[in-house]
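Visitor: Sharing a structure, written as structure tokens. Questions coming.
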Amino acid sequence: MGYTDLVGVTGGLAYNPYKASDIDIVVYGSRVDRVYQLLVELRREGVTAPYRGAGHGWSSSDIELNTALNKERVLIGYIDGFEYNVKLVPCTKPAPCIPFRTVKAGVKARGVVKRVSPYTVPAVYRLELYKPLTLGTKSYTWVYLFSYRLRYTEIPEGMAVEAKGVLEEFEGLVRLVPDHSGYVKPLYRPSSSQ
């Protein structure tokens, strides 16, 4: 029995395998959690190694985040000295297009990460804010941290971060999206992150 509905190669390897600098794999399916556990087992067995480089277009904050996470991070790494990136997408059909509203760009927030869906694309966290965020007449003690970027996956539960991005309203909820001109920077790491 398979764990996925579809697996595909993307990026440079799909376009020109002779000049590809890394392996980009996208896995679609309702059981991507099992695929993630297989990646954890491969790391534990030494088949893969932590990624210590700087990804395409990464900021200094992105590199700082990866340095804090790279020992446990399994979606990005090396296999036989070759860089790999795995995106786990938990759906197999296009999702309905639900409109969102851009509230404000360049918003910075500090808080503690609570995991919602940390290893899928999109990655979703609940960011418990240190200071409430006021928007008009509403005040928020938490916002969703939401990203389609692989660099923002696998942030551990309890990690304190500063995030900068576009604040969006989506189905009555507020989410901070660091994907374009934003970042997620670690402030400190929890002592017992797994």
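Visitor: Quick check on Tyr144: is it of a type in the set (Ser, Thr, Tyr), within 18 Å of Glu171 (Cβ to Cβ) and at pLDDT 95 or above?
Guide: Yes: the conditions hold for Tyr144.
Visitor: Taking the residues in the range 112-141 that are aliphatic (A, V, I, L, M) and at pLDDT 95 or above as candidates, determine which candidate is farthest from Tyr152 (Cα to Cα).
Guide: Within the range 112-141, the match that is farthest from Tyr152 (Cα to Cα) is Leu129.
Visitor: For the range 22-111, which fully contained strands (runs of 3 or more DSSP E) count at least 2 residues that are modelled with pLDDT under 90 and open to solvent by less than 80 Å² (accessible area, probe 1.4 Å)?
Guide: 22-28, 82-89
The values are calculated or read from the model by the stated rules, or taken from the named source; none is laboratory data. A quick note: this is a predicted structure, and the numbers were derived from the prediction, not measured. Positions of Cβ are generated from backbone atoms using ideal geometry, with glycine treated the same way; all protein chains shown enter the neighbour counts. Surface areas here come from the heavy atoms of the whole protein model, side chains and all, with no ligands, DNA or RNA. Shrake-Rupley method; radii C 1.70, N 1.55, O 1.52, S 1.80 Å.
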